[in-house]
Amino acid sequence: FCACRGKTARVINYEEFKKALEELAPKRFKDKSKEEAYEAICQLVAGKEPINVGVTKAKTVGAVERLTDTSKYTGSHKERFDESGKGKGKSGRENIVDTSGYVSAYKNAGTYDAKVKK
């Protein structure tokens with residue numbers, strides 16, 4: 001299908017799919033003419049939808065199970081996950097510093113302009 005789609009495209013449309021079938025048909029049915037091969041390959045795919053064959057399933061066996069169980073993490077590693085076990089992303093890995101210019105733990109940040117206008 002790579003020959004039928006654009007260089008930067010990740011998916012193909014229906015017209016590109018039909019073009020790919022036209023190219024694949026003579027290779028699949030070598031003993032038939034080009035038109036007969038195209039009809040035969042169309043009958044093969046008629047009424048079917050794409051399937052994922054050979055897709056690797058995630059396994060939680062042995063060490064993988066221990067590593068993915070966030071309830072057993074200690075120290076700074078447990079700060080990387082919320083209560084449900086979902087990762088917090090960058091905020092869990094790094095201490096993000098407030099560089100707004102206000103003193104840490106200041107509650108009324110951004111209210112100075114409202115006080116001055118009065």
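The values are calculated or read from the model by the stated rules, or taken from the named source; none is laboratory data. Treat the numbers as computed from the prediction; the structure is a model and nothing was measured. Neighbour counts run over all protein chains shown; Cβ positions are idealised from the backbone, glycine included. Accessible surface areas use protein heavy atoms only, side chains included; no ligands, DNA or RNA. Shrake-Rupley method; radii C 1.70, N 1.55, O 1.52, S 1.80 Å.
Which count do you get for residues in the stretch 19-33 that are free of Cβ contacts under 8 Å to residues at least 12 places away in the same chain and in a helix (DSSP H, G or I)? Number satisfying all stated conditions: 2. Can you find a residue in the stretch 19-33 that is among the hydroxyl-bearing types (Ser, Thr, Tyr) and surrounded by 10 or more Cβ atoms within 10 Å (Cβ to Cβ)? Checked against the condition, which is being among the hydroxyl-bearing types (Ser, Thr, Tyr) and surrounded by 10 or more Cβ atoms within 10 Å (Cβ to Cβ), the stretch 19-33 yields at least one hit.
Quick one: in the stretch 1-18, of everything that is in a helix (DSSP H, G or I) and surrounded by fewer than 13 Cβ atoms within 10 Å (Cβ to Cβ), which residue is farthest from the chain's Cα centre (by Cα)? Filtering the stretch 1-18 for residues that are in a helix (DSSP H, G or I) and surrounded by fewer than 13 Cβ atoms within 10 Å (Cβ to Cβ), the one farthest from the chain's Cα centre (by Cα) comes out as Glu15. Cβ separations smaller than 6 Å between residues 6+ apart or across chains give no pair from the stretch 85-110 residues that are over 30 Å from Leu67 (Cβ atoms) to residues that are open to solvent by 90 Å² or more (accessible area, probe 1.4 Å) and not in a loop (DSSP other than H, G, I, E, B). Consider the stretch 87-101 and keep the residues that are at pLDDT 75 or above and of a type in the set (Lys, Arg). The one that is nearest to Lys72 (Cα to Cα) is Lys88. Against the condition loosely packed, with under 11 Cβ neighbours inside 10 Å and free of Cβ contacts under 8 Å to residues at least 60 places away in the same chain, how does Glu49 come out, does it pass? Answer is yes for this residue.
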